[in-house]
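Report on the following structure.
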Amino acid sequence: MTATTLFVNAAEVVTCAGPPRARRGAEQADAVVRRGVGVAVGADGRILAVAPDADLRAAHPAAAHADCAGGVLTPGFVDSHTHAIFGRARYEEQELRAAGVGYLEIARRGGGIHSSVRDLRQRSADDLAVLAAARLRRLAAHGTTTIEVKSGYGLSLEAELTTLRVIRRLAAELPVRLVPTFLGAHEVPLEYREVPRTRAEYLDVVVEEMIPAVAREGLARFCDVFCEPGVYTVDETRRILTAARGAGMALKLHADELENGAAAELAAELGATSADHLAAISEPGIAALAQAGTVATLLPGTMLFLGRSRQAPARALLAAGVPVALASDFNPGTSPTVNFPLVLTLGVSQLRLSVGEALVAATVNGAAAVGLAGEIGQLAPGFRADLALFDVGDHREIPYWYGDHRCLRTWVDGRPAHGG
Ligand code: NIG
Ligand code: FE
């Protein structure tokens, strides 16, 4: 096949080329950085070759050129954990936390997730779509080309379905890949905490009404649960995720985020694709994830924004052979950042990843965390041409200029997505 576009004149191409699956241990350390090469893309939006620029020019004389102008080309980032469908921002909670009111205490007072739920239920699908589209474009502007998006601020059958339908609509409208996740068990809604209703009834609604309805419309690829002491127990989570798996969804968990509750062990037991957060994971939890091959998705921006000093034990996870992914956790309560390169910075400075480990975490392992490691996450023949170009001369500058905006352009399936 002949190429339609050649990406040439890059100072470096970070390919992450290798097996189409999550990378662990020493494998995760090598992001495969090449100099003097370009990327040839065919009319089908897939990569044909990564080879010296001169060879590509000679082999494909009719192809258009995308001039990388001495920048660094990477696989587009795969942000495998976001809560991007919400209404208003929750900036007032920052000061409450600074004054010593904890995240779960804010929730107990009816703030936190509950405040986003009240707000979302009052909005139309159009309103939510407009707000989310602007936010997803901001994520995309920082080099992200695939975004997992969770529901979870509806917490009623109608509001959860509305959220997931908004995600489906935006997936068709925006030049970015979206992966939908059903998170009806993000919290127990307030109306099920008072007589005559009980939390057990809400669980029945999730299992008997929401999961079948979501599956019937094919609205979610994953089901996630906030499994945490004070939110959903391990037994409740097991019931929900077992039902979701039976309905054809793959599984994710918010696991051991703030306090250890053996949620990582449950993720392993259920064969979840990923276990996310893990700041409070135990040694047996680490061993269980390693054994199961579950991806550990770490979200260092969340702990930073919550003002917590404890981060997930990334080095222990890597040493045990657990594949590590990085994601933004973009949400209005605990991580309102759209800046994926900043997440890489935190991966290096807070989680003590090498730059190579962080880049693999943001690409191949993010792709594995959304079940797409055979399609995206690396620049190699046959993979989709999802690319990001940065205004730096060395890949190590991407996490170095922290908080900056160095992404110049992105492409999805070889077509301009941002900055084109
Ligand atoms: O991943 N932990 C639960 N869910 C989100 C926070 C959601 C919110 O506070 O609105 C998280 O941190
Ligand atoms: Fe989250």
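The values are calculated or read from the model by the stated rules, or taken from the named source; none is laboratory data. Just so you know, these numbers come straight off a predicted model, no measurement behind them. Glycine also receives a Cβ, built like all others from the backbone with ideal geometry; neighbour counts cover every protein chain displayed. Accessible surface is based on the protein model in full, side chains and every heavy atom, while ligands, DNA and RNA are left aside. Shrake-Rupley method; radii C 1.70, N 1.55, O 1.52, S 1.80 Å.
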Top-ranked residue in the stretch 259-294 [being within 15 Å of ligand 1 (Cβ to nearest atom) and of a type in the set (D, E, K, R); ranked as nearest to Gly230 (Cα to Cα)]: Glu259
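Inside the stretch 126-139, can you point out the residues that are open to solvent by 10 Å² or more (accessible area, probe 1.4 Å) and under 23 Å from the mean Cα position of the chain (by Cα)?
If the condition is that a residue be open to solvent by 10 Å² or more (accessible area, probe 1.4 Å) and under 23 Å from the mean Cα position of the chain (by Cα), then Val130, Leu131, Ala133, Ala134, Arg135, Arg137, Arg138 are the ones that fit.
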State whether the residues of the stretch 211-227 include one that is of a type in the set (Val, Ile, Thr) and in a strand (DSSP E or B). yes
If we scan the stretch 72-84, do we find a residue that is touching a residue at least 24 places away in the same chain (Cβ under 8 Å), among the aliphatic types (A, V, I, L, M), within 16 Å of ligand 1 (Cβ to nearest atom) and within 30 Å of His186 (Cβ to Cβ)? yes
When only residues in the stretch 249-258 that are open to solvent by less than 30 Å² (accessible area, probe 1.4 Å) and in a strand (DSSP E or B) count, which is farthest from ligand 1 (Cβ to nearest atom)? Leu251
For the stretch 332-349, the count of residues that are within 16 Å of ligand 2 (Cβ to nearest atom), open to solvent by 10 Å² or more (accessible area, probe 1.4 Å) and under 24 Å from Gly377 (Cβ atoms) equals 3
Please go through the stretch 15-41 and pick out each residue that is out of contact with any Pro (no Cβ under 7 Å at 6 or more places or on another chain), touching a residue at least 60 places away in the same chain (Cβ under 8 Å) and open to solvent by less than 10 Å² (accessible area, probe 1.4 Å). Thr15, Ala31, Val39, Val41
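For every residue, the table says whether it meets (1) at positive phi; (2) touching a Phe, Trp or Tyr at 6+ places or on another chain (Cβ under 9 Å); (3) within 16 Å of ligand 1 (Cβ to nearest atom).
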| residue | (1), (2), (3) |
| --- | --- |
| Tyr91 | no, no, yes |
| Gly110 | yes, no, yes |
| Ala133 | no, no, no |
| Arg137 | no, no, no |
| Glu148 | no, yes, yes |
| Ile167 | no, no, no |
| Leu174 | no, no, no |
| Glu187 | no, yes, yes |
Going residue by residue through the stretch 187-207, is there one that turns out to be free of Cβ contacts under 8 Å to residues at least 24 places away in the same chain, of a type in the set (Asp, Glu), more than 16 Å from ligand 2 (Cβ to nearest atom) and outside any helix (DSSP H, G or I)? yes
Strands (runs of 3 or more DSSP E) (entirely within the stretch 272-329) containing at least 1 residues that are surrounded by fewer than 19 Cβ atoms within 10 Å (Cβ to Cβ) and outside the structural domain of Gly100 (by TED's automatic domain parsing): none
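Here is a yes/no grid of residues against (1) of a type in the set (Val, Ile, Thr); (2) over 19 Å from Gly152 (Cα atoms):
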| site | (1), (2) |
| --- | --- |
| Arg57 | no, yes |
| Phe86 | no, no |
| Ala98 | no, yes |
| Val101 | yes, yes |
